[in-house]
Amino acid sequence: MEGFENFIGLNPWTALFTLCNLVITFLILRKFLFKPVKKMIDSRQKEIDDLYADAGAAKSEAEAMRSDYEQKLLEARQTSAEILRQAQSDADAKGEEILRQARSDADALRDKARSDIALEKKKALNDIKSDISQIALDIAEKVVEKEINAADQQALIEEFIRNMGDEV
Amino acid sequence: MNITGPKIYFTIPVLGGINITQTVVSSFIVMVILCVAGILLGRNLTRRPGRMQVITEKGVSMIYGLVEEAMGPYNVSWTPYIASLFMSSLLGSLIGMTGILRSTTADLSTTATWAVMTSVICWYQNIKNIGLKAWLKGFTEPIVVMTPMNIVSEIAQPVSLAFRHFGNVAGGGVITTMVYWALSGLSVALLRLVAGSYIAVCVVLVLGGVLLLVHKKEKKVKAIRKVLGILMIALALFGFLQRLGVTQGVPFLQVGIPAVLSLYFDCFSGLIQAFVFSLLSMIYISNACPPPEERKVRGGGKKERTDP
């Protein structure tokens with residue numbers, strides 16, 4: 001048949017052209033389509049993965065920090081409660097101590113005052129007694145000088161002393 | 001009715017004459033279309049993709065996924081080759097629908113080239129992995145008597161690959177041609193019958209009109225009735241014109257009916273054959289390219305070779 005090839009036939013030149021075309025198509029598609037697109041997809045995938053990994057890391061870090069803070073807060077609360085309790089008991093003890101001291105001081109003061117009073121009283125009594133004796137002597141002297149009799153003098157003195165003793 | 005191979009446009013008178021056939025031209029056009037489309041689609045890729053880039057990326061990752069599934073993750077680098085094969089085959093089949101160009105895959109030279117290329121890749125990979133000696137020795141296994149069988153099976157692989165694809169596309173073309181021829185003959189015969197008298201023309205016209213215009217409740221046969229009505233009216237019209245001597249044997253039946261066949265043979269069959277061809281290529285190549293860990297074992301123990 002003129003101008004046509006066989007229906008079932010192999011033409012080496014056609015085969016060669018087909019081969020060249022396929023190879024060219026392959027090379028161009030690989031270089032200009034598949035490699036760049038694949039690279040783009042992979043890089044985007046990587047970026048997304050990185051983002052997710054970063055977010056996960058940040059989240060876990062925040063979680064750790066939160067639990068840390070909570071722990072610290074709890075510790076602080078415990079410490080403050082401890083301090084408060086300590087202060088309370090300290091203050092109680094101190095108050096008690098002060099009260100006890102004050103009481104004992106007061107007791108001591110009172111005792112001292114009492115003994116002082118007693119001493120003064122005794123002293124005053126003695127003084128008075130000696131004064132009275134003196135006065136009596138003086139009176140006696142004066143009476144003697146005026147030459148009263150002994151009996152009158154004696155009675156006078158005794159009376160005087162008795163009166164004096166009653167008065168004191 | 002002529003069933004021929006591709007038309008020879010001209011012959012370059014060197015080296016005993018290089019025929020520039022329809023196949024060569026179609027193949028060249030397919031290559032140009034693919035390359036231009038590839039370059040355009042792969043250009044200006046951005047991190048935040050536009051509408052076109054999304055589609056491109058979807059398609060590319062789909063092909064990558066397909067290859068990974070069929071050949072394993074270690075053979076993903078074959079994707080561009082498989083994709084080129086698939087796209088060349090698909091577009092080569094579809095280009096026949098233009099009517100001017102002939103499907104490249106309807107030429108045995110094309111499919112045979114692709115099939116032999118796949119086989120050569122397999123052989124090369126085998127020799128690279130296990131060595132020439134071990135590969136040749138593999139033909140004598142399991143027993144020496146099997147050698148011719150093994151050689152035949154190795155040759156049968158590309159032959160079957162080539163003829164399957166060629167046969168499907170070219171066969172579709174042949175059937176379409178035969179249907180055209182048959183429809184033409186039927187039209188001529190019907191017209192000769194109708195154009196015999198004006199009465200016949202009128203009868204057919206009335207029948208057609210009734211079929212087309214009278215509606216009944218049944219919806220199932222409505223489409224068929226309408227088509228038949230239109231065909232009868234056309235038959236009456238061309239019969240009348242033939243009776244008057246204006247036209248002669250108009251092949252009016254060739255309108256419409258072959259479109260359905262074309263839909264099947266060109267679109268569907270072209271797609272399926274492209275898919276089958278690339279899938280088989282993937283399987284053959286992946287058989288020759290085992291996983292890296294297995295490759296070492298095969299290289300060491302040279303009797304491990306299994307025929308695909």
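Nothing in this text is a laboratory measurement; each read-out follows from the coordinates by a stated rule. Just so it is clear, the structure is predicted and the values come from calculations on it, not from any experiment. FYI the Cβ positions are ideal-geometry reconstructions off the backbone, even for glycines, and counts take in every protein chain you see.
Before moving on, here are some points about what is shown:
- For residue A:4, residues with placed amide H under 5 Å, excluding near neighbours: B:8
- Here the Karplus curve 6.51 cos²θ - 1.76 cosθ + 1.60, taken at θ = phi - 60°, turns the phi angles of the stretch B:245-251 into couplings of x, 7, 10, 9, x, 6, x Hz, with x standing for Gly and Pro.
- Under the Karplus curve 6.51 cos²θ - 1.76 cosθ + 1.60, θ = phi - 60°, whole-Hz ³J(HN,Hα) for the stretch A:127-134, x wherever Gly or Pro sits: 4, 4, 4, 5, 4, 4, 4, 4
- Under Karplus coefficients 6.51, -1.76 and 1.60, residue-wise ³J(HN,Hα) of the stretch A:97-114 in Hz, glycine/proline x: 4, 4, 4, 4, 4, 4, 4, 5, 4, 4, 4, 4, 4, 5, 4, 4, 4, 4
- Amide H contacts under 5 Å for residue B:42, placed H, 5+ residues apart: none
- Span-rule helices in chain B, defined as complete DSSP H runs reaching 24 Å or more along the axis (Cα) with Kyte mean at least -1.0: B:22-41, B:51-71, B:108-130, B:147-194, B:222-244, B:269-288
- Per residue of B:23-32, other chain Cβ atoms within 10 Å of the residue Cβ number 5 on average.
- Residue B:20 long-range amide H proximity, modeled H, under 5 Å: B:9, B:10, B:11, B:12
- Its residue count N fixes a reference of 2.2 N^0.38 Å for chain B, and the Cα radius of gyration divided by that reference is 1.41.
- Pairwise Cα distances in chain A exceed 20 Å in 83 percent of cases.
- Among A:35, A:94, A:59: highest mean-square fluctuation, GNM of chain A, C-alpha pairs under 10 Å: A:35
- Cα-based equivalent ellipsoid, the stretch B:1-50: semi-axes from gyration tensor eigenvalues, Å: 38, 15, 5
- Pairs over the 22 Å Cα-Cα cut-off, from the set A:122/A:142; A:31/B:58; A:31/B:7; A:39/B:58: A:122/A:142; A:31/B:7.
- Computed magnitude of the charge dipole of the stretch A:12-167 (debye, nearest 20; Cβ of K, R +1, Cβ of D, E -1): 2800 debye
- Here the Gaussian network model covers chain A, with springs between Cα atoms less than 10 Å apart; of A:130, A:80, A:104, A:130 fluctuates the most.
- Prolate/oblate/rounded call for the stretch B:185-280, Cα gyration tensor, a/c under 1.5 rounded: oblate
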